[in-house]
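Every read-out reported here was derived from the displayed coordinates using simple, explicitly stated rules and does not represent laboratory data. The shown structure was predicted, so the numbers you read here are calculated from the model rather than taken from an experiment. Virtual Cβ from ideal backbone geometry, glycine too; neighbours counted across all protein chains shown.
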Amino acid sequence: TVMVTSLLNAYGKCGAVHTARALFDTMISKNIISWNAMIALYVQDDHGKESIQLFNDLQCQSIMPNKVTFIEIFSACCTLQKGKLLHTHFIHSGFVIDDVVASSIISMYGKCGSAMDAQEVFRQLHNHTTNSWNALIASYVQVGDKECVFGILERMKDDGRNPDSVTLISILNACSQGGLVEKGKIYYDSMCKDYKMDPSFQHQGCMIDLFGRAGQLEKAVGMYLEPNLVFSNTLLSACRTWGNLNLGKHVFTYATHLNQ
């Protein structure tokens, strides 16, 4: 079982989720580790329906899901009704909601569009870690409530928790959604000056999106420090929105070369 589970993980890293499932189905003896591995592969490959179906299949067996199972399935859930059922199921299974689980549940509710449920789970925590703060902030970004996002960030700092790189991705996304260019620039600059963080690929992408949505295409191109297809697609979308055909042609040509 250990060897087969290792093979499942290997197939997953190669993106061969269907091959992994075929191997999983041939296993005569499956333990919770192998079930979790297959569910995780589906989640990582954005096969949410398949992961939830596999979770349902697991419950028909004599094997009990553990915390890892629930954490994976929380991240796959995208409907509020199913999310509430999973949350209730977890509690009735007798597990304790620790920081990792709580952050997963908060993120799930945010993805399902219920920031209020996310806030309630957060409120019930005795200790708020950076992870749980990040999950709550991301939940409000998800529902587009930027005022709450910035308010929660201030509460997080008042609680003695400095934002990390994950926090800043959410904050920059909120600025992008709200067209808050100057505010986004301030937060981006503060990463290096105040928090001693080097901007990552994701942060650069957020800034390209921020400038692109605001029609500041030259500044978006200026953030194009590590060219890749994701950045190119973001810029192409902005060029189309703002009717900059000349720049769009250059970006498209460059993206074509990247894809070769």
Subject >> Residue among Thr79, Thr241, Thr26 with the largest mean-square fluctuation in a Gaussian network model of the chain, springs linking Cα atoms under 10 Å >> reply: Thr26
Subject >> Most mobile listed residue (Ser165, Ser75, Ser103) in the chain, GNM with C-alpha springs under 10 Å >> reply: Ser165
**OP:** At a Cα cut-off below 19 Å, give the aspartates and glutamates reachable from Lys146, other chains included and same-chain residues fewer than 8 away excluded.
**Re:** Asp117, Glu120, Glu154, Asp158, Asp164, Glu182, Asp209
**OP:** Would you work out the charge dipole size for the stretch 1-136 about its Cα centre, treating the Cβ of every Lys and Arg as +1 and the Cβ of every Asp and Glu as -1, and quote it to the nearest 20 debye?
**Re:** 60
**OP:** Would you mind calculating the relative contact order of the stretch 151-260 from Cα pairs under 8 angstrom and at least 6 residues apart, reporting the percent as a whole number?
**Re:** 19
Original post:
³J(HN,Hα) across the stretch 79-84 via Karplus (A = 6.51, B = -1.76, C = 1.60, θ = phi - 60°), whole Hz, x for Gly/Pro?
Top reply: 10, 5, 4, 5, x, 5
**OP:** Provide the gained length on full extension for the span Met197 to Ser62, in nm with one decimal, where the gain is 0.36 nm per separating residue minus the Cα-Cα distance.
**Re:** 43.8 nm
**OP:** Go through the stretch 170-185 residue by residue and turn each phi into a ³J(HN,Hα) via Karplus (6.51, -1.76, 1.60, θ = phi - 60°); whole Hz please, and just put x for glycine and proline.
**Re:** 4, 5, 5, 5, 5, 5, 5, 4, x, x, 8, 5, 4, 5, x, 5
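If you average 1/r over every pair of different alpha-carbon atoms in the stretch 151-260 and take one over that average, what Kirkwood value in Å do you get? Intermediate values should be presented prior to the final figure.
On the way: mean 1/r = 0.0686 Å⁻¹.
It is 14.6 Å.
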**OP:** Could you give log10 I(q)/I(0) at q = 0.13, 0.14, 0.22 Å⁻¹ for the stretch 96-187, computed by the Debye formula over C-alpha point scatterers of equal weight, without solvent?
**Re:** -0.37, -0.43, -1.05
**OP:** About the Cα centre of the stretch 129-200, how large is the charge dipole given +1 on each Lys and Arg Cβ and -1 on each Asp and Glu Cβ? Please answer in debye to the nearest 20.
**Re:** 60
**OP:** Sort the following peptides by mean Cβ neighbour count (other Cβ atoms within 10 Å, averaged over residues), highest first: 198-205, 37-44, 229-236.
**Re:** 37-44, 229-236, 198-205
**OP:** Using θ = phi - 60° and the Karplus relation 6.51 cos²θ - 1.76 cosθ + 1.60, list the HN-Hα couplings for the stretch 45-57 in order, rounded to whole Hz, with x at every Gly or Pro.
**Re:** 9, 6, 9, x, 4, 5, 5, 5, 5, 5, 4, 5, 5
Original post:
List the aspartates and glutamates whose alpha-carbon lies under 16 Å from that of Lys49, not counting same-chain residues fewer than 8 positions away?
Top reply: Asp57, Glu72
Original post:
Within the P(r) computed for the chain, what percentage of the Cα pairs occupies the region above 29 Å?
Top reply: 45
Subject >> By average C-beta atoms within 10 angstrom, highest first, the peptides 5-11, 65-71, 247-253 >> reply: 65-71, 5-11, 247-253
Original post:
How big is the gap, in Å, between the Cα center of the stretch 2-61 and the Cα center of the stretch 96-169?
Top reply: 29
Original post:
For the pair Glu218 and Lys82, what calculated FRET efficiency results from E = 1/(1 + (r/R0)^6), where r is the Cβ-Cβ distance and R0 = 51 Å, to the nearest 0.05?
Top reply: 0.70
**OP:** Assuming R0 = 35 Å, can you tell me the calculated FRET efficiency for the pair Asp99 and Asp189, based on Cβ-Cβ distance, to the nearest 0.05?
**Re:** 0.70
Subject >> Rg(Cα)/(2.2 N^0.38 Å) for the stretch 73-124, N = residue count >> reply: 0.99
Original post:
What is the calculated FRET efficiency for His89 to Lys157, with r their C-beta to C-beta distance and R₀ = 35 Å, to the nearest 0.05?
Top reply: 0.50
